[in-house]
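The values are calculated or read from the model by the stated rules, or taken from the named source; none is laboratory data. Note that this is a predicted model, so its numbers are computed, not measured. Glycine also receives a Cβ, built like all others from the backbone with ideal geometry; neighbour counts cover every protein chain displayed.
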Amino acid sequence: MNDFTNCPQLYKYRAIDLLPEPPSIDAERGKLIHSVLEDIFELPAADRTFESAVDLLPESWSAQLEKTPELNALVLDEKEWMDRAQALLTNYFSLENPTTFEPTYRELHLERNISDEVYLHGYVDRLDIAPTGEVRIVDYKTGKSPKPGWEDKALFQLRVYALLYWQNHGVLPRMLKLIYLGDVKTIESQPTEAQLTSTEKKLNNIGSEILTAIETGHFPTRKSKLCDWCFFKAICPAHVK
Ligand code: SF4
């Protein structure tokens, strides 16, 4: 849905044509950190220390390399790569202390047909249910936090998860938390019923636009700063004359 909102043509390349893309170094770094932050909670609470997290890095990295061997060509300086990963873990431990709480779910799969034509699903990095029943949805980002004024856009993904959880379980999550390891910041928001209803409306509107694009075969290009990071720029009609 984000792809379609950013550029319908990009959505077409990815979701309709299923064109392959090379791995992105930033996305792969994110996967490595996510895997460590998932595994750390397998340990007893008292053992979830920074040192344990760093110990988990080599094993997670080997598994990732096995799954995506192209990374061998992408990560040329392995020491620098691991140092950077370690720095992100340092940042995580300055924002949260995982010895003090129990997560209820990690990589929780949420799904729902939000209309007859739109099926939605996603994976929540972490969902914590307090002994008092309050639900907190947490998402880790290895990049930097958004500039002031862009927080709402950043929270959209978590509002979608909150909507799915609310509809599936009848419990309105109490807190949405984005953890930015890149610049050691968090964004927290207490979702309201009105916000989630408006998120649902927005999702249905985007869903309708996608269906119309599929029916008409019209996926307009939308030039923006994102084009500089778009792998398909070399074949995109907006850039190839
Ligand atoms: S290069 Fe830009 S306009 Fe073209 S598909 Fe990618 S994001 Fe869209």
For this session: Taking the residues in segment 206-234 that are hydrophobic (A, V, I, L, M, F, W, C) and without any contact (Cβ under 8 Å) to a residue 12 or more places away in the chain as candidates, determine which candidate is farthest from residue 24 (Cα to Cα).
Result: 234
Exercise. Among the residues of segment 208-223, is any among the aromatic types (Phe, Trp, Tyr), more than 23 Å from residue 139 (Cβ to Cβ) and in a helix (DSSP H, G or I)?
Worked result: no
Exercise. Is it the case that residue 194 is in the same structural domain as residue 135 (by TED's automatic domain parsing), free of Cβ contacts under 8 Å to residues at least 12 places away in the same chain, of a type in the set (A, V, I, L, M) and farther than 30 Å from residue 83 by Cβ?
Worked result: yes
Seminar exercise, completed: Screening 240, 171 for residues that are within 16 Å of the ligand (Cβ to nearest atom) and not polar (S, T, N, Q) leaves only 240
Exercise. Across segment 1-35, what is the number of residues that are modelled with pLDDT of 95 or more, more than 16 Å from the chain's Cα centre (by Cα) and charged (D, E, K, R)?
Worked result: 3
Exercise. Out of all the residues in segment 24-38, which are surrounded by fewer than 17 Cβ atoms within 10 Å (Cβ to Cβ) and touching a Leu at 6+ places or on another chain (Cβ under 8 Å)?
Worked result: 25
Exercise. Would you call residue 16 within 16 Å of the ligand (Cβ to nearest atom), among the β-branched types (Val, Ile, Thr) and surrounded by 12 or more Cβ atoms within 10 Å (Cβ to Cβ)?
Worked result: yes
